[in-house]
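A short write-up of the structure that comes next.
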Amino acid sequence: MPLLLAVLTSTLGSCDSYESETSTSSDCIVTSATLGTLKRIIHTEASDGSDSTYTISFVGASYPLNIDQVNARIYNPDSLPVGTVVSRTVFSAFSTTGVPGIRSLSSNTDSTFTYTDSTDCSVDRLITVYAYDGTSTKTYTLSLNVHTEAADSFNWTRVLDGDATLQTLEGAHRIYHQSGKFLVYGTQSGTPVVLSADEPGNWTVTALPSDFAPTSVVANADVSVLYALSQGDVCTSTDGVAWTAVGATTVPDGLLAVGTTLLAGIKDGAFYSSADGGVTWTADGADEPDYAPTSNLCGLMMPSTTDPETEYFVAAGLDANNDSAAWRRAIDLTGTYTFDWYYMTPIANYEENYRRLTEPTMVSYDDCSVVTGLTTDGLIASIFVSRDNGRTWKDDIIETPVTAATTEGHVSITADSDNYLWIMESTTGSLWRGRYNRLGWEEEQNSFESANKKDLSAGGLD
C-alpha cells in the first residue's frame with residue numbers, strides 16, 4: 001500500500017481538461033458505476049401510537065448513476081428514497097481506465113478505492129483516477145442524492161382563510177387556473193360573476209349575463225379556451241372574462257368536457273358532441289342510454305398514458321332516476337375510428353362505484369380523474385380519485401383539507417401547470433393548495449454535451 005500511494009501522489013500531469021471530444025484522454029476516467037445493495041430505515045407508527053422504525057434492503061442499481069465527464073461529476077438523477085443509509089454505501093460495479101483513489105474525510109490524502117467496501121457517501125466524496133503511466137489524473141465529485149420527503153405524501157397549505165369576496169358566493173361554483181391567473185365562476189346576490197386574480201385574494205369581480213350558468217363552464221387541458229352556456233347559446237372565451245356566443249344551431253342542456261377535437265355535452269338526456277367549437281352538435285352512441293347523466297354534471301378529458309393518438313372523456317352525474325352514473329368514451333384523434341360512450345355499470349355492494357354527489361367538479365391530476373363536491377345531504381364530500389378513467393373511485397388516496405362529511409359548504413377544485421391541486425370552499429372563504437412531493441421535485445440532467453461542440457442551428461460551421 002505505501003508504494004501504491006507513492007505512485008499515486010507523484011503524478012505530474014492532469015487529465016481534467018476535457019476540451020473536445022477528439023482530444024479527450026481515455027486513460028484516467030470513470031467509465032461506469034453501479035450502486036449495490038443499500039439499506040433503508042422506514043419510520044412507522046406502532047399500535048400504541050409511538051414512533052417505530054425498521055430496516056429494509058433494496059437494489060441500488062434501480063437508481064442509475066450518471067457520469068458527467070465534462071463537469072467531472074458522478075450522481076444519481078433519480079434521488080434515493082427517504083431514509084436510505086448512504087453512510088454505508090457499497091457499489092456492485094465501478095469501472096475505471098486507471099487506478100481509483102478516494103479522498104479521506106479527515107485529511108487531504110487519497111487511498112485506494114475499493115468499491116465493494118462500505119463507503120460514507122453522506123457527504124460529497126472526491127474520487128481520483130490515476131493513469132497507469134503515473135502522469136495523468138482526473139478527479140470526480142461523487143454525490144448521492146437522497147429524498148428528504150416521501151414521494152407520495154400529499155401536503156396541503158391553506159392560501160386563503162376567511163376571504164370576504166369568496167364568502168359572498170352563493171351555491172355551486174367553478175374554479176380554474178389559467179397561466180398564473182385564477183378564475184372563479186359563481187353567483188353574487190343572484191347575479192352570475194367571474195372573480196379573476198393573479199394572486200389569490202386580489203379579486204376583480206366582473207358581472208356576467210343574467211342567464212350565464214357558472215357550473216356549465218368547461219375548459220381545455222391548458223385552460224386556453226373555455227366554453228359555457230349563456231344567452232341561449234354556447235359561448236366561448238380565451239381570457240375567461242369576455243365571452244362570445246358561437247351561434248350554436250343546437251344548444252346542449254349541459255357541457256361535460258373539452259377534448260382536442262371534440263366538445264362534449266348532454267342534450268335531452270343523451271350524449272352529444274361538437275367538432276366545430278360548439279356550433280353544430282351530433283348525437284353520440286351510448287351502450288346504456290337510459291342511464292346517461294342528466295343533472296349534477298361533471299367531466300374531463302384524460303389523455304391516454306400509452307397512446308398519443310387516443311384520449312378519453314370521463315363524465316359523471318346523476319341520471320334521470322337520481323342515481324349516480326359514471327361514463328367513459330375513447331376518442332381516436334386520427335379520426336379513423338368512432339367509439340360510443342360506455343356506462344360504468346355500478347357493481348352491487350361495491351364501495352368504489354361513483355358516488356351520488358351534488359355540485360361536483362372533476363379535474364385531471366397526476367394522470368387520474370379527481371372529483372369532489374357535496375353529499376346528497378349537502379355535506380362536503382371526500383376527494384375521490386379514479387386511476388382507471390372512471391371505473392373505480394377511491395376516497396383514501398388524497399385526503400381533503402376541508403372537514404369532510406360533517407360540514408356544510410360549497411367546494412370546487414382545479415389543478416395548475418405546477419402540479420398543484422387547488423380546492424376552494426366558499427362558505428369559510430378558504431383556498432387550499434396541495435401536491436404530491438414527487439411532483440415538485442426537479443429532474444437532474446441526464447445527457448451531456450461538450451462545451452466546445454458547435455451549435456449548428458445557431459450559426460452553422462465557420
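The table that follows gives values for the structure above.
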| quantity | calculated |
| --- | --- |
| Close pairs from the stretch 408-437: first closer than 17 Å to L300 by Cα, partner assigned to a loop (DSSP other than H, G, I, E, B), Cβ under 6 Å, at least 6 apart | S412/H173 |
| Subset tally (residues that are farther than 18 Å from L421 by Cβ, open to solvent by 40 Å² or more (accessible area, probe 1.4 Å), assigned to a loop (DSSP other than H, G, I, E, B) and in contact (Cβ under 8 Å) with a residue 40 or more places away in the chain) for the stretch 170-211 | 0 |
| Any hit, the stretch 125-140, residues being of a type in the set (A, V, I, L, M, F, W, C), at pLDDT 95 or above, in a loop (DSSP other than H, G, I, E, B) and more than 30 Å from S216 (Cβ to Cβ) | no |
| Every residue from the stretch 258-284 that is touching a strand residue (DSSP E or B) at 6+ places or on another chain (Cβ under 7 Å), touching a residue at least 24 places away in the same chain (Cβ under 8 Å), under 22 Å from P346 (Cα atoms) and not aromatic (F, W, Y) | I266, D284 |
| Residues of the stretch 376-404 classified as closer than 22 Å to T215 by Cα and surrounded by fewer than 16 Cβ atoms within 10 Å (Cβ to Cβ), total | 4 |
| Scan of the stretch 416-439 for residues that are among the charged types (D, E, K, R) and open to solvent by 60 Å² or more (accessible area, probe 1.4 Å), ordered by number | D418, R433, R438 |
| Per-region count, the stretch 212-231, residues outside any loop (DSSP other than H, G, I, E, B) and within 20 Å of the chain's Cα centre (by Cα) | 1 |
| Out of T34, T97, T55, sole residue that is open to solvent by less than 60 Å² (accessible area, probe 1.4 Å), in contact with a strand residue (DSSP E or B) (Cβ under 6 Å, 6 or more places away or on another chain) and at pLDDT 90 or above | T34 |
| Qualifying residue in the stretch 154-163 (condition: surrounded by fewer than 19 Cβ atoms within 10 Å (Cβ to Cβ) and among the aromatic types (F, W, Y)) | yes |
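The values are calculated or read from the model by the stated rules, or taken from the named source; none is laboratory data. Given the structure is predicted, the values throughout are model-derived calculations rather than measurements. Please note: Cβ atoms are built from the backbone with ideal geometry, for glycine as well, and neighbour counts cover all protein chains shown. Accessible surface areas use protein heavy atoms only, side chains included; no ligands, DNA or RNA. Shrake-Rupley method; radii C 1.70, N 1.55, O 1.52, S 1.80 Å.
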